[in-house]
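*Asks:* A single structure is presented below for examination.
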Amino acid sequence: MPAEPSIDTPRHLFEAYERLAAGPTRPIAGGTDVMVAITGELGPIPKRMLDLSRIEELRGISLEDGSLVLGARTTYTEIRRSALCREHLPALVEAAATIGAAQIQNRGTLGGNIANASPAGDTLPILLAADAVILVGGQRGEREVPADDFFISYRKTALAPDELILHVRFPLPRGRELRFRKVGTRRAQAISKVVMALAWEDFGSTGWTNVRVALGSVAATPIRAHATEAVLDGAHPTPEVADRAAETLAGELQPIDDVRSTADYRRMVSARILHRLLRDAGGW
Amino acid sequence: MPTRTLTPGGGVTERALVIDPGQRIPGRAAGFPLRREGPAKLTGVAKYTDDLVFPGAWYGITIRSTEARAKLIAIEPDPDVDWSKVVIATAADIPGDNIVASIKDDQPVLVPIGGEIRHHAEPVALLAAPDRETLRRLKGRIKLVTEPLRPVFDPEQSEHVFAHYDVKAGDLALGFAGADLIVEGTYRVGHQEQLYIENNAMIAVPGEDGGIIIHGSLQCPYYVHTALKRALRLTPVQARVIQEETGGGFGGKEEYPSMIALHASLLALKAKRPVRMIYDRHEDISATTKRHPAIVRHRTGVTKDGLLVAQDIEVVMDGGAYCTLTPVVLSRGVLHAGGPYRCPNVRLRGRATRTNTPPNGAFRGFGAPQTEFAAEMQLNRIAERLGMSPAELRRRNVYRLSDTTPTGQVLKESVAGEEVLEQALGASHFERIRERTAREASERRGAGIVPPDPLRSHDRRTANGIGLALAWHGAGFTGSGEVYLASVASVELTADGRLRVLTANTEMGQGTKTVFPQMVANELGVPVDWVEYAPQDTAEVLDSGPTVASRTVMVVGGLVILAARKLKAEVEARHAGVPFHEAFRDDARANGATRIDQQFEPYPGVEFDDATYTGDAYPAFGWAAAVASVEVDLDTAEVFVRDVIAVDDVGKVIHPILCEGQVEGGTLQAVGYATIEEMKLHDGKYLNDRLATYLIPTALDAPHIRAILVEAPFSGAPHGAKGVGELPMDVAAPAVVAAIHDATGVWIHELPATPERILAAMHEPGLIGVMERPS
Amino acid sequence: MSAYRFLVNGSPAQVDVPGMRRLLDVLREELGLTGTKEGCGEGECGACSVLLDGQVVDACLVPVCQVEGRIVRTVEGLSLAARERGDLDTLQEAFLDHGAAQCGICTPGMLMAARAYLDAGGGPDDGAIREAIAGNLCRCTGYTKIVDAIAAVATPLD
């Protein structure tokens, strides 16, 4: 039986803020990461915990001013079933479908995936590629943090100890395309070896703009591959461009060997799946 | 759906059926008894060990080493902790021998002070407390003072040999001299975890007689019984072992439960109350036995017509830190190393050595999956060199009736290698699909796609492949094993008119509780639910041997049938002319109980010489073929095994649904072994010792498995059955790896064939030397 | 310690335990519902699957404070009506007929995942069934007979 720290279950955000301000407190939403950490005693056991499961302000999926806004407590199952997500952000729906299996998708939340900040977090490259903005809040007020600035170092984020993730805003620029690819050890219940999101806007003759290449499981945090983006920006997805982008990506990444895969494999496969996405986009 | 009546005992009123010998099983066979304990399992009523409640019971845990090799200087409980409310047990508390009884007396129950820690996660001390929170708090407060010693991790470098064998037939030099082609290859397989979904669990209850009653998840009650008597110095009556509902074993609960039962017992005796020793998954993977890793080297001579003329095979197995069952695992591995093929000149050498990793032990297949993977890889590579179909090469070499094996065993009957091969080829359309995949591969090559640039995708994203493998599996124990065991199984008509089967053979999912009553009911001519199956409790049943080696239905099932026949004859003799089913209740009223204890008698004509390692290594062999179809993602080398046709000759199908269940489950374990299951080690510690990191196939990863059962009966057993449990485990892995080769053009000579290895091989071909004889 | 109240298999339950206690432990130890099994304690094997407000979840990952006021269904409640007649429900019956339970330790969780799938209107499609039970590891069956059993129940009768 695992440790059982004390836990509060506030109904409203302001109550949650009060508790967070009172001292070190570990929030728990769907519990799919936190409960594993506590059960397996992976790291120190928190002294106090905060149950977010009753806070309705953290729920909901809506379209606001041209952005798709998802409450932090939105589960993967809700993402998969959401007509708005399917219409405006199908890549996120695809990513949600690759996480765990039904049991995890029913409980795990988008906010939890972000706060846990695993380098292998499956939705995180999509946040980076989609220029998502994370709204965080606490007693000191609310602030928006671009996803790009959120993941600071291994499992360390821009979230202060007294803050909660409230929602995630995905801007939906016209003409933007977003693709997702996950490579895992098996077809369900697998932590990724490589996860990739590729975004671009295409207005015809000028080539691709606002290209984003974001990856998970290849560095200490989810990352963007800026040099590769530079190769693709202003270009068309031709075979030559794809070759150059793949080579650049392979040169740019510095993955590691770990229990799930090898550095060589991750580097090679990242290049190949990018090449594949570009081939599909170019239609050659 | 057939109508039937559920009875309170969970049995089902239905006529037991047995299919005629040689008859194929046409799909779903209705009319066989349903799983006896099925309703209890399906409603949550079935009690597994951790489900049992013992008022006042404490919880026990094991304090384990954190080094691969060290001298234990001291065990130091933190002086700032009040230890008076808990119990600590060390080697000093062991009343008898500090030995977990097994083949060799090398494994201690707990490492003694001054003794040597030989592997990471080795048990050193035990701690029991009234609640788990206390245990969680205190377990880190017992310090082990040690002096590090230099560990050995490479089995080929180890100088400590647990066992070695050298089997010779014919003249190897002559054989190679007559070969047109000599092919060499080295193949490796890693650790595999049994991964029963129920973790190890054991509860020890102090008996009033100073003894111990064990309730546990285990395969072999009498193994535990023997271990208790030895280490706790108990009489046979003082040691009592009761198997509770067991959530899978696969060999993983063959020998290790003895250790856990001893630990729970030591704490229970000291705390004077029941102690629960329930492993969590992390502990179970970290500390308990795995399938032996192996390195297998082949040198094979063949004629240009594809006939094997010389096989020189060397097997090295990594035994881990203690002997456990290693000599027997190695023996089976060596005896199966040539594969199911005739070859006049053979040398099979094997040795198993000690390393400073957790001990390896029994796992479905027991040495054969390791060496038969290598044998099949070797054969496929020979076929490739000869430009011959892998099916044709097998057809030309597979054992036939009257052939002789390397131990000099003449295959006098029950030889079905050709049959399973042809069935698998036919059902899978092997040659037709192979032509198609070859065409697809040549189109890819024509487009300059394979081998691909390391950093590019190519215009086909996936490639299909098909692969074939053939295997044999010695039925029951190796050599004279059964003769030494002298198992006893019983059938009883009780004084109150009930019919009972009594054996020590356990149900762990495979169907013992269903098929034993079925077989007895069939003999006695009574409905199957009239026959009870006595609990696996050493106070109730005699030792009918362990539930291992696919021997339950074959060997013990045979005893049970013979016992039933004798009971029927005795009763009917007392009631001239009245059939048993009408007479037995009157008989019990008039004459009281009648119990037949049937002891194993050597199968006629089966002889093995342990000293020379010659003769009939097994009473008979089961034969299996598998054809696997895979789809490989050429970008990532991810392998999806789509279909497996698994054809298994089991001698006699007793219960088609349960039998198919064994084939399907064994096949998937082999697919996992082939593709994703891998223990990774660092300094002798398993790195992926959790379910998030040691992965087995999910339903989405599992292929569609079509089981085809073949019956080539073994005349020594009254029913003809040869066992089924292990057979499918031997054959699917090499079939999958052959299919990966068919799809990608690369041979992966080390299991598992991970995408990492496949991708590396695709860009560095020709890893295995092939040598042609100068002509 | 707090008192938590919820419905289990149609009956009200109240437990006085720490809020972070796992639903799995509450079911097994406070309520004596040992049909729900522990296989890994970290949401990988699905042996502890139960329905929480009709959704399948791993009971090892649910703190009991999150169950307050909600509806839990376990394997013991799968066939309440049928069991009063000493019988199995159609899904359990199909598992028994098809040989879908072997060692039985994954079976309760597997049944709950299948129940959630069927209750959500899932059909006999092989791929959809496999996805629905992908969070439930079975080491005995190779899944074939489990998928067959669920498909048999999901197939509409003409």
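*Asks:* If you scan the stretch B:674-692, which residues turn out to be open to solvent by 10 Å² or more (accessible area, probe 1.4 Å), within 13 Å of B:S286 (Cβ to Cβ) and facing chain C (nearest Cβ under 8 Å)?
*Replies:* Of everything in the stretch B:674-692, just one residue is open to solvent by 10 Å² or more (accessible area, probe 1.4 Å), within 13 Å of B:S286 (Cβ to Cβ) and facing chain C (nearest Cβ under 8 Å), namely B:R690.
*Asks:* Going through A:R86, A:R54 one at a time, which residue ends up being closer than 17 Å to A:T123 by Cα, surrounded by fewer than 19 Cβ atoms within 10 Å (Cβ to Cβ) and basic (K, R)? Lay out the reasoning, then the answer.
*Replies:* Working: A:R54 fails: closer than 17 Å to A:T123 by Cα.
On inspection, the qualifying residue turns out to be A:R86.
*Asks:* Suppose the filter is farther than 30 Å from B:Y279 by Cβ and more than 21 Å from the chain's Cα centre (by Cα); does B:G684 pass it?
*Replies:* Spelling it out, it is not the case that B:G684 is farther than 30 Å from B:Y279 by Cβ and more than 21 Å from the chain's Cα centre (by Cα).
*Asks:* Looking for whichever is under 30 Å from C:G32 (Cα atoms) and touching a residue at least 12 places away in the same chain (Cβ under 8 Å) here; the options are B:Y59, B:Y165. Which one fits?
*Replies:* Values: B:Y165 fails: under 30 Å from C:G32 (Cα atoms).
After ruling out the rest, the residue left standing is B:Y59.
*Asks:* Looking at (1) on the phi > 0 side of the Ramachandran plot; (2) modelled with pLDDT of 95 or more, which is the only condition A:G175 fails?
*Replies:* If we test A:G175 against (1) on the phi > 0 side of the Ramachandran plot; (2) modelled with pLDDT of 95 or more, just (2) comes out false.
*Asks:* In addition: Can you tell me how many residues in the stretch A:264-276 are open to solvent by 20 Å² or more (accessible area, probe 1.4 Å) and in contact with a Lys or Arg (Cβ under 6 Å, 6 or more places away or on another chain)?
*Replies:* The qualifying residues number 0.
*Asks:* A follow-up question, please. Is the stretch B:753-761 home to any residue that is in contact with a Gly (Cβ under 9 Å, 6 or more places away or on another chain), crowded, with 22+ Cβ neighbours inside 10 Å, over 25 Å from B:R299 (Cβ atoms) and at pLDDT 95 or above?
*Replies:* No, the conditions are met nowhere in the stretch B:753-761.
*Asks:* Can you confirm whether C:A151 is more than 30 Å from B:Q243 (Cα to Cα), in contact (Cβ under 8 Å) with a residue 12 or more places away in the chain, surrounded by fewer than 24 Cβ atoms within 10 Å (Cβ to Cβ) and more than 9 Å from every other protein chain (Cβ to nearest Cβ)?
*Replies:* Values: more than 30 Å from B:Q243 (Cα to Cα): yes; in contact (Cβ under 8 Å) with a residue 12 or more places away in the chain: yes; surrounded by fewer than 24 Cβ atoms within 10 Å (Cβ to Cβ): yes; more than 9 Å from every other protein chain (Cβ to nearest Cβ): yes.
When the stated conditions are applied, C:A151 passes them.
*Asks:* With aromatic (F, W, Y) and more than 12 Å from every other protein chain (Cβ to nearest Cβ) as the only criterion, which of B:Y279, B:Y256 stands out?
*Replies:* Only one candidate passes the filter, namely B:Y256.
*Asks:* To continue, here is another question. Which ones in the stretch B:63-103 are of a type in the set (V, I, T), farther than 16 Å from B:A264 by Cα and either out of contact with any strand residue (DSSP E or B) (no Cβ under 7 Å at 6 or more places or on another chain) or at pLDDT below 95 (or both)?
*Replies:* Of everything in the stretch B:63-103, those that are of a type in the set (V, I, T), farther than 16 Å from B:A264 by Cα and either out of contact with any strand residue (DSSP E or B) (no Cβ under 7 Å at 6 or more places or on another chain) or at pLDDT below 95 (or both) turn out to be B:T66, B:V81, B:I103.
*Asks:* B:Y613 passes all but one of (1) within 14 Å of chain C (Cβ to nearest Cβ); (2) open to solvent by 10 Å² or more (accessible area, probe 1.4 Å); which number fails?
*Replies:* Among (1) within 14 Å of chain C (Cβ to nearest Cβ); (2) open to solvent by 10 Å² or more (accessible area, probe 1.4 Å), B:Y613 violates only (1).
*Asks:* Continuing with this model, one more query. Could you tell me whether the stretch B:77-87 includes any residue that is open to solvent by less than 20 Å² (accessible area, probe 1.4 Å), under 19 Å from B:M277 (Cβ atoms), not aromatic (F, W, Y) and not in a strand (DSSP E or B)?
*Replies:* Yes: the stretch B:77-87 contains one or more residues that are open to solvent by less than 20 Å² (accessible area, probe 1.4 Å), under 19 Å from B:M277 (Cβ atoms), not aromatic (F, W, Y) and not in a strand (DSSP E or B).
*Asks:* Considering the stretch B:714-731 alone, what residues qualify as being in contact with a strand residue (DSSP E or B) (Cβ under 8 Å, 6 or more places away or on another chain) and of a type outside the set (A, V, I, L, M)?
*Replies:* Within the stretch B:714-731, B:K722, B:G723, B:E726, B:P728, B:D730 qualify.
Each row is one residue, and each column tells you yes or no for (1) closer than 27 Å to B:V647 by Cα; (2) of a type outside the set (V, I, T); (3) modelled with pLDDT of 95 or more; (4) in a loop (DSSP other than H, G, I, E, B).
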| site | (1), (2), (3), (4) |
| --- | --- |
| B:P718 | yes, yes, yes, yes |
| B:V724 | yes, no, yes, yes |
| B:A739 | yes, yes, yes, no |
| B:A743 | yes, yes, yes, no |
| B:G766 | no, yes, no, yes |
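*Asks:* Considering only residues that are over 36 Å from the mean Cα position of the chain (by Cα) and among the aliphatic types (A, V, I, L, M), which ones fall in the stretch B:420-445?
*Replies:* Hit for the stretch B:420-445 is B:A441, nothing else.
*Asks:* Report yes if some residue within the stretch B:638-657 is in contact with a Ser or Thr (Cβ under 8 Å, 6 or more places away or on another chain), open to solvent by 10 Å² or more (accessible area, probe 1.4 Å) and either away from chain C (no Cβ under 14 Å) or within 30 Å of B:T355 (Cβ to Cβ) (or both); otherwise report no.
*Replies:* Yes.
*Asks:* If I go through the stretch C:8-24 residue by residue, how many of them are under 15 Å from the mean Cα position of the chain (by Cα) and either buried (at least 16 other Cβ atoms within 10 Å of the Cβ) or charged (D, E, K, R) (or both)?
*Replies:* Counting residues in the stretch C:8-24 that are under 15 Å from the mean Cα position of the chain (by Cα) and either buried (at least 16 other Cβ atoms within 10 Å of the Cβ) or charged (D, E, K, R) (or both) gives 4.
*Asks:* Let me ask something else about it. Somewhere in the stretch A:274-284, is a residue of a type in the set (F, W, Y) and either part of a loop (DSSP other than H, G, I, E, B) or modelled with pLDDT under 95 (or both)? Give the derivation first.
*Replies:* Our first condition is that a residue be of a type in the set (F, W, Y); within the stretch A:274-284, this holds for A:284.
Still in the running and either part of a loop (DSSP other than H, G, I, E, B) or modelled with pLDDT under 95 (or both): A:284.
Yes, some residue in the stretch A:274-284 is of a type in the set (F, W, Y) and either part of a loop (DSSP other than H, G, I, E, B) or modelled with pLDDT under 95 (or both).
*Asks:* Anything in the stretch B:137-159 that is surrounded by fewer than 18 Cβ atoms within 10 Å (Cβ to Cβ) and either among the hydroxyl-bearing types (S, T, Y) or over 32 Å from the mean Cα position of the chain (by Cα) (or both)? List them, or say none.
*Replies:* Correct list: B:R137, B:K139, B:G140, B:R141, B:K143, B:V145, B:E147, B:P148, B:L149, B:R150.
*Asks:* Of all residues in the stretch A:242-263, count the ones that are touching a Leu at 6+ places or on another chain (Cβ under 8 Å) and either facing chain B (nearest Cβ under 7 Å) or open to solvent by 60 Å² or more (accessible area, probe 1.4 Å) (or both).
*Replies:* The number of residues fulfilling the criteria is 5.
*Asks:* Under the condition of being closer than 16 Å to B:M508 by Cα and open to solvent by less than 10 Å² (accessible area, probe 1.4 Å), which residue from the stretch B:199-212 is farthest from the other protein chains (Cβ to nearest Cβ)?
*Replies:* B:M202
*Asks:* Can B:L695 be described as touching a Lys or Arg at 6+ places or on another chain (Cβ under 6 Å), under 22 Å from A:A188 (Cα atoms) and surrounded by fewer than 24 Cβ atoms within 10 Å (Cβ to Cβ)? Can you show your working first?
*Replies:* Values: touching a Lys or Arg at 6+ places or on another chain (Cβ under 6 Å): yes; under 22 Å from A:A188 (Cα atoms): yes; surrounded by fewer than 24 Cβ atoms within 10 Å (Cβ to Cβ): no.
In short, no.
*Asks:* Looking at A:Q254, A:Q189, can you tell me which residue is touching a residue at least 60 places away in the same chain (Cβ under 8 Å), in contact with a helix residue (DSSP H, G or I) (Cβ under 9 Å, 6 or more places away or on another chain) and not acidic (D, E)?
*Replies:* Unique residue meeting the criteria: A:Q189.
*Asks:* Quick test for you: out of B:Y165, B:Y196, pick the one residue that is buried (at least 23 other Cβ atoms within 10 Å of the Cβ) and hydroxyl-bearing (S, T, Y).
*Replies:* B:Y196
*Asks:* Still on this structure: With a cut-off of at least 1 residues that are open to solvent by less than 10 Å² (accessible area, probe 1.4 Å) and of a type outside the set (A, V, I, L, M), name the strands (runs of 3 or more DSSP E) lying wholly within the stretch B:213-307.
*Replies:* On the way: elements: B:239-243, B:275-278, B:294-302.
So the answer is B:294-302.
*Asks:* Name the residues in the stretch A:81-99 that are in contact with an Asp or Glu (Cβ under 9 Å, 6 or more places away or on another chain) and within 14 Å of chain C (Cβ to nearest Cβ), would you?
*Replies:* Within the stretch A:81-99, A:A96, A:A97, A:T98, A:I99 meet the criteria.
*Asks:* Still on this structure, please answer the following. Spot the failing condition for A:E15; the list is (1) within 14 Å of chain C (Cβ to nearest Cβ); (2) open to solvent by 20 Å² or more (accessible area, probe 1.4 Å), and only one is missed.
*Replies:* Among (1) within 14 Å of chain C (Cβ to nearest Cβ); (2) open to solvent by 20 Å² or more (accessible area, probe 1.4 Å), the lone unmet condition for A:E15 is (1).
*Asks:* Continuing with the same structure: Among the residues of the stretch B:318-336, is there at least one that is in a loop (DSSP other than H, G, I, E, B) and of a type in the set (K, R)?
*Replies:* No, the stretch B:318-336 has no match at all.
The values are calculated or read from the model by the stated rules, or taken from the named source; none is laboratory data. On a predicted model such as this, the values are computed, not experimentally measured, just so you know. Positions of Cβ are backbone-derived with ideal geometry, glycine not excepted, and every protein chain shown enters the neighbour counts. Each accessible area value is taken on the protein alone, full model and side chains, heavy atoms only, with ligands, DNA and RNA left out. Shrake-Rupley method; radii C 1.70, N 1.55, O 1.52, S 1.80 Å.
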